[in-house]
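The structure under discussion appears below in the form of structure tokens.
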């Protein structure tokens, strides 16, 4: 390899380092291993040195010293008698190296070396990507919409791509190619082919991460996000509480004139969000969860099966149930109770008071964020 070829080689290495973000040392070591391995196919064991500054390549054949009677392979061995002619004090098991003329190396060997280097570069790239994204499971990432097909958006994360199925896009939102997008990592696998990342914008975890980002008190733990129930693109309910004196959890999340919650809403296609206060007492929590319905009377009918009945007047019946039953459905998910809503004109409320008034249940406030 002449000086011009050495320079071209190092320019190629520097380009790979800049483009892929791979340590130059990794490429040099791969080149040395590849050249040695390629020569081995032709001439036996070898050692290669690549000057990281100049690109100069030196190749040495390597033969191990063996007893005269064990000398059988001239490519990888040298007899003790012959070795002592070159190095008088050499011992069995040591090696003797001899420079190899690169002109004798051949195009086939060079091609083999190139393949090995390319493979090592790919492996190093996978390692970098795995290190960058290996801890992103259940986290939010930001990328650029790169392309799409009939069922999937492809999101460019910089070093790799992630898949955003169209079924996991918020209903009604319009996504434009080239625009930045936030999404939640629902699946992350690191395998032989690299990193596989699956995204969602409809998962309840996406809303959770948005709230942590936009609401400082949730991020620092002053306000605790107990649970989330979500119907993406339609409505969500979140239950919050605080154990810090003088902190009103619901108010902290909503913000003055809705300023804080509105920052979240703008990122989820104006999906409605009900912010309710979590309470350890199940009856109180269910009442809160059925918001915006008011004057709700709740009875725990089966504590073991977590079943409850909510009785409301005519004016609040439609609010408690919600359009297509969405309000009571989300309230059930939020509280982990099966809630049956009845109008006070349909039942004898006094009978419920007599039968179920002693059924009280505390909810463990350590079950944070387990509702999807």
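Coordinate-derived values only; no laboratory data. From a predicted model like this one, the values you see are computed outputs, not experimental measurements. Every residue, glycine as well, gets a Cβ built from its backbone with ideal geometry; the counts of neighbours run over all protein chains shown.
Just a few scattered comments:
- Projected label points at residue 262 and residue 14, each 7 Å from Cα along the beta carbon direction, are separated by 5.4 nanometres.
- Rounded to the nearest 10 degrees, the inclination of helix 204-214 to the longest alpha-carbon principal axis of the chain is 90 degrees.
- Taking a ≥ b ≥ c as the square roots of the eigenvalues of the Cα gyration tensor, the range 204-356 is classed as prolate, since a/c reaches at least 1.5 and a/b is larger than b/c.
- Normalised by the number of residues in the chain, the mean separation of alpha-carbon contacts (under 8 Å, six or more apart) gives a relative contact order of 10 percent.
- If R0 is 22 Å, the Cβ-Cβ spacing of residue 355 and residue 318 corresponds to a FRET efficiency of close to 0.25.
- Distance from the C-alpha centroid of the range 315-355 to that of the range 121-172: 42 Å, rounded to the whole angstrom.
- The slack between residue 82 and residue 189, meaning 0.36 nm per residue of separation minus the straight C-alpha distance, is 33.0 nm.
- Extension reserve of the residue 270-residue 144 stretch, reckoned as 0.36 nm per residue once the Cα distance is removed: 43.2 nm
- With the highest mean first, a sort of the peptides 344-351, 136-143, 45-52, 206-213 on other beta-carbon atoms found within 10 angstrom per residue produces 206-213, 45-52, 136-143, 344-351.
- (1) 26.3; (2) 31.3; (3) 22.4, with the label sought being that of the calculated mean projected area of the Cα convex hull in nm²: (2)
- Residues listed by number, the range 280-297, amide nitrogen under 12 Å from residue 347 label point at 7 Å toward C-beta: 296-297
- Distance between the 7 Å Cα→Cβ label points at residue 196 and residue 7: 4.7 nm.
- Extension reserve of the residue 67-residue 295 stretch, reckoned as 0.36 nm per residue once the Cα distance is removed: 72.2 nm
- Where a label projected 7 Å from the Cα of residue 281 along Cα→Cβ would reach, residues of the range 296-316 with amide N under 12 Å: 298
- Calculated [θ] (222 nm, deg cm²/dmol) that DSSP helices of n ≥ 4 give over the chain, each run adding -39,500 (n - 2.57): -11000 deg cm²/dmol
- Spin-label model distance (nm) - residue 167 vs residue 304, 7 Å beyond Cα toward Cβ: 3.7
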